[in-house]
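Remarks on the structure that follows.
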Amino acid sequence: MHGPVGGLHGPAADPRHAAFEAAAIGLAVLSEDGAQILEANPALCALLGHAPGALSGKPASDLVGGGRIADGIHPWLHAGGGSVEVRVRRSGAGGTVLVVEAVDADEAARSEENRQDLAAAGLGEWRWEQATGRLVLSRRAAQILGHPPGDSATWDILRAGLSAGEPERLQAVVRDAMARDGAYRFETRLTREADGREVVLAVRGRPVHAADGRRTGMVGVVQDVTTRVEARDGLVARDQRLRVATTVARLGIFEWHMLEDHAIWENERMFEIFGHAPEDGTIGKSEFLRDTLHPDDRASVRLAISQALRDDAILHTTGRIRRRSDGAWRTIDLAGRFERDAPNRLPRRLIGLVADVTDQRLAEERQALLIRELHHRVKNTLATVQAIVGSTARTASSIDSFYEAFVGRIKSLAHTHSVLTEATWQTADLRTLLLSELRPYAEAQTREGEAGEGDGALDGRITLDGPDTALPSEIAVPIGMAIHELTTNAAKYGALSNRRGRISVAWTILSGGSAGMLHFAWRESGGPPVEPPRRQGFGSRLLQRVLTTQVQAEVETLYAQDGFALTMLAPLPVRNPGLDPPG
């Protein structure tokens, strides 16, 4: 009995039939019209889950679930359900003999369409044969590398386009992968020989082996990632610029992930502001509001967060935090924007900045205090000038005497203000005020071996004895004016009106009051005989009224015949620490 195709289906002794039955791959003989399976060998039956001979006589369409059988890789039905990926090719006269073999999942997934998709994604395939050293490029790989497809490219040609040191680095990567018999990947820059254009390549590869396990070469893909790398480098550069800017501005950067209540602190400044070491970690919203934020500020911060969420607006709030490292309270400004996955969806995170504005707020408060203090002092100064003008005019006997007295008093007032401004309007040194008025009347400059001018020394005609005393600004001006009047009076009528007169000024700080009591004693001797004044001039009124009203001093004057004397006991006011210069 002869089979329908070249005697294949013949007697059992037919060697061709024996080979058909014993073949390790699936074989099937179809009718001339391809509609029926005349015979299927045991290998094909086993591949499809059927008993030997079970497929003979069945419609060919049963193998594929309907329709005609086509060449190539396709799923065929399995007897147990599901399908089997097989490669089909035709043989024999009229193509009635089918050769069917199983394929693995990778090969089953590969198709010409896949190759087109690989090319569209910028992936080109390559193969390197170890025995010959040939590097075979697909059309896409050749286009990426700037070479004709096939085996025109060699390693020597490619390495010429790499920068110094790159060939050795890449060879080390490949050698390591070969030693592990594993895959590898790397990125590198290549200047293409064809057009001189520099491209960034992402290369992946793995070794391939023969049936006996012997390594025969490598296969892989190459991709042009120039655009992606340039975009990545641009983002890195922008991120670096942002970090530099925030570092210079001393701003902390953070992210708060709302669902997890977890914060990420992006730079060291955040840790500095909150006084955390890196091992302390960060804090979420709950801990921030409960433990770190000042209790008086929690309500306003919560309200600001709620409003920003409701209005989809930028969050901006201020509060005081307790710094963990030293427990100090610091004032911070916080600004941020909530990010949403989509409109009308709940936000998932807050990205923001934090600034420690403690010093700035203190400076602003101090500036406001200084401005108020300046207004107060200017007002008092103008009132003093007005009093000087009126009283000098009433006591002057001529225009010249008015001018002389008025200018002297204004100069004294100006000098006292100069001493104050040198100390940032805080204090004026009592010894400095005395020296500025009395030094012109000293008989000689400081002699060699005596205390220097910086120590407040004068000659034996004038002696100053007292500790360093800083007069707060509110009493420095009237006391400075009083010293000027005492000096002027002594020069006109008292101890400084001749060459024999002496002046002794002594002062000390006694206990009492809020900040101590200033005891000040002015004594003249050796001048003309003293007589009590017949009328009270401006100087007398200033000594009696200004010192008592502005300084709250107890003043006693003595017009002894051997010399005028004045003693004053004045409370020192408490200094306002808010006016101190920032330390």
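The values are calculated or read from the model by the stated rules, or taken from the named source; none is laboratory data. The structure displayed is predicted, hence computed values, not measured ones. Glycine gets a Cβ as well: all are built from the backbone with ideal geometry, and neighbour counts include every protein chain shown.
Matching residues to (1) closer than 19 Å to GLY92 by Cα; (2) modelled with pLDDT under 90; (3) assigned by TED's automatic domain parsing to the domain that holds VAL97; (4) among the aliphatic types (A, V, I, L, M):
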site	(1), (2), (3), (4)
PHE20	yes, yes, yes, no
SER56	yes, no, yes, no
ALA60	yes, no, yes, yes
GLY67	no, yes, yes, no
LEU77	no, no, yes, yes
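The residues in the range 319-374 that are outside any loop (DSSP other than H, G, I, E, B), over 20 Å from HIS257 (Cβ atoms) and of a type in the set (Gly, Ala, Ser) can be counted, and the count is 4.
Residue pairs whose Cβ atoms lie under 7 Å apart, sitting 6 or more positions apart in sequence or on different chains, and linking a residue in the range 490-517 that is on the phi > 0 side of the Ramachandran plot to a partner that is assigned to a strand (DSSP E or B) and buried (at least 16 other Cβ atoms within 10 Å of the Cβ), are GLY513/PRO571. Is one or more of the residues making up the range 273-292 assigned to a strand (DSSP E or B), within 18 Å of ASP356 (Cβ to Cβ), modelled with pLDDT of 90 or more and not small (Gly, Ala, Ser)? No, every residue in the range 273-292 fails to be assigned to a strand (DSSP E or B), within 18 Å of ASP356 (Cβ to Cβ), modelled with pLDDT of 90 or more and not small (Gly, Ala, Ser). For the range 529-559, the set of residues classified as at pLDDT 80 or above and not acidic (Asp, Glu) consists of PRO529, VAL530, PRO532, LEU547, THR548, VAL551, GLN552, ALA553, VAL555, THR557, LEU558, TYR559, listed by residue number.
Among the residues of the range 224-243, those that are among the aliphatic types (A, V, I, L, M) and part of a helix (DSSP H, G or I) comprise VAL229, ALA231, LEU235, VAL236, ALA237, LEU242. Of the set (1) under 23 Å from the mean Cα position of the chain (by Cα); (2) of a type in the set (A, V, I, L, M, F, W, C); (3) modelled with pLDDT under 90, all apply to ALA308 but (3).
Checking the range 249-263 against the condition returns no match, with no residue being of a type in the set (Asp, Glu), not in a strand (DSSP E or B) and not assigned by TED's automatic domain parsing to the domain that holds PRO347. The residues listed here are LEU430, LEU420, LEU413; of these, the one that is crowded, with 21+ Cβ neighbours inside 10 Å and either at pLDDT below 85 or in the same structural domain as TYR559 (by TED's automatic domain parsing) (or both) is LEU430. Checking the stated criteria, ALA308 turns out not to satisfy the condition of being out of contact with any Phe, Trp or Tyr (no Cβ under 8 Å at 6 or more places or on another chain), among the aliphatic types (A, V, I, L, M) and assigned to a helix (DSSP H, G or I).
Got at least one residue in the range 166-187 being of a type in the set (S, T, N, Q) and in contact (Cβ under 8 Å) with a residue 40 or more places away in the chain? No, the range 166-187 contains no residue that is of a type in the set (S, T, N, Q) and in contact (Cβ under 8 Å) with a residue 40 or more places away in the chain. Among residues of the range 282-302 that are without any contact (Cβ under 8 Å) to a residue 24 or more places away in the chain, those with a beta-carbon under 7 Å from a residue that is in a helix (DSSP H, G or I) and of a type in the set (S, T, N, Q) at least six positions away or on a different chain give the pairs ILE283/THR292. Applying the criterion of being under 15 Å from THR432 (Cα atoms) and not small (Gly, Ala, Ser) to the residues of the range 503-517, the residue that is surrounded by the most Cβ atoms within 10 Å (Cβ to Cβ) is VAL505. Of all residues in the range 304-326, none satisfies being free of Cβ contacts under 8 Å to residues at least 12 places away in the same chain and either on the phi > 0 side of the Ramachandran plot or surrounded by 14 or more Cβ atoms within 10 Å (Cβ to Cβ) (or both).
Residues checked against (1) at pLDDT below 90; (2) surrounded by 13 or more Cβ atoms within 10 Å (Cβ to Cβ); (3) at negative phi:
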residue	(1), (2), (3)
GLY3	yes, yes, yes
GLY10	yes, yes, yes
GLY26	no, yes, yes
LEU47	no, yes, yes
GLY53	no, no, no
GLY81	yes, no, no
VAL84	yes, yes, yes
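Here GLY196 meets each of (1) on the phi > 0 side of the Ramachandran plot; (2) in a strand (DSSP E or B); (3) without any contact (Cβ under 8 Å) to a residue 24 or more places away in the chain with one exception, condition (2).
Which of the residues spanning the range 136-167 are touching a Ser or Thr at 6+ places or on another chain (Cβ under 9 Å), part of a helix (DSSP H, G or I) and under 18 Å from VAL219 (Cα atoms)? Scanning the range 136-167 gives a single hit, ALA142. Yes or no: ALA491 surrounded by fewer than 22 Cβ atoms within 10 Å (Cβ to Cβ) and either in a helix (DSSP H, G or I) or not assigned by TED's automatic domain parsing to the domain that holds THR549 (or both)? Criteria met by ALA491.
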